[in-house]
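The values are calculated or read from the model by the stated rules, or taken from the named source; none is laboratory data. Keep in mind that this is a model prediction, so the values were computed, not measured. Neighbour counts are summed over all protein chains in view; Cβ atoms, including those assigned to glycine, are modelled from backbone coordinates with ideal geometry.
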Amino acid sequence: MAILKIAKMGHPVLRRAAAKVDDPSAPEIARLASDMRETLEDIGASGIAAPQVFVEKRVVVYRMIASRIPADSGIEPVPWTVMVNPEITPLTQDQILFWERCLSIPGLHGKVPRYPRVSIRYQTLEGETVDKEAHSTWAALLQHECDHLDGMLYPMRMDDLSLLAFNEAPGPLAEEATKHPDSLDPLFLDLVERWPARERWLQPIPN
Ligand code: NI
């Protein structure tokens, strides 16, 4: 077990497509997944893809914990899950916006267009194929992590960069938190709570 170093945006390892894993049951894949999980536990985070720890293989580790589930989403917690060679299929045509952060982009958050319902197929560490369906922030998390396997970071998916902000100045997020707190991941509500200036600056933004 080891806590791994995380690549930051700008590093070439985050812009390359990762290689398919030929043998998901190989001991080095289990070791990698275990180290990725330990790295997430150390930070208190929920998802990571192997390229973020400088390993160019199609492996993602994630969980959905109760404290990260929006009140009105109906998502059930998902225990630690290792996905080898995951493939996402959108189940909707339209995308909607979800707030995201990324361990490779510390200090920032942004609102990213994602499919609100997807199916995902992946292999387990035992080599079994699993098919699942996911919705709302869970679906967004899966798209975010799988994007890492293709060299995509969330700002590259954004079409409105006015919704990219520092965690210390979560203006657009705070606007939304006053209107629809139940649809937000509690992690993002916490950013708003920790912004002392929100009362002073939360005026309607002129068009
Ligand atoms: Ni990320």
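On the given criteria, is I105 surrounded by 14 or more Cβ atoms within 10 Å (Cβ to Cβ), modelled with pLDDT of 95 or more and outside any helix (DSSP H, G or I)?
On the way: surrounded by 14 or more Cβ atoms within 10 Å (Cβ to Cβ): yes; modelled with pLDDT of 95 or more: yes; outside any helix (DSSP H, G or I): yes.
Here the answer is yes, as I105 does meet what is asked.
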Among the listed residues E56, E76, identify the single one that is surrounded by fewer than 23 Cβ atoms within 10 Å (Cβ to Cβ) and either modelled with pLDDT of 95 or more or touching a strand residue (DSSP E or B) at 6+ places or on another chain (Cβ under 7 Å) (or both). E56
Within the stretch 43-80, the residues that are within 16 Å of the ligand (Cβ to nearest atom), assigned to a strand (DSSP E or B) and over 14 Å from G151 (Cα atoms) are G47, V61, Y62, R63, M64
Note on the stretch 20-55: residues in contact with a Lys or Arg (Cβ under 6 Å, 6 or more places away or on another chain) and not hydroxyl-bearing (S, T, Y) are K20, V21, A50
Identify the residue in the stretch 1-45 that is more than 25 Å from M156 (Cα to Cα) and among the basic types (K, R) and, among all such residues, is nearest to the chain's Cα centre (by Cα). R37
Determine if the stretch 115-129 includes at least one residue that is within 16 Å of the ligand (Cβ to nearest atom), exposed (fewer than 14 other Cβ atoms within 10 Å of the Cβ) and modelled with pLDDT of 95 or more. no
Restricting the first residue to the stretch 159-183 and requiring it to be without any contact (Cβ under 8 Å) to a residue 60 or more places away in the chain, which pairs with a second residue that is in a loop (DSSP other than H, G, I, E, B) and surrounded by fewer than 12 Cβ atoms within 10 Å (Cβ to Cβ) meet a Cβ separation below 7 Å and a spacing of at least six or different chains? F166/G107
If you go through the stretch 90-97 one residue at a time, do you hit one that is in a loop (DSSP other than H, G, I, E, B), of a type in the set (S, T, N, Q), away from the ligand (no atom under 16 Å from the Cβ) and within 18 Å of the chain's Cα centre (by Cα)? yes
Of everything in the stretch 130-161 that's of a type in the set (D, E) and more than 16 Å from the ligand (Cβ to nearest atom), which residue is farthest from E28 (Cα to Cα)? D160
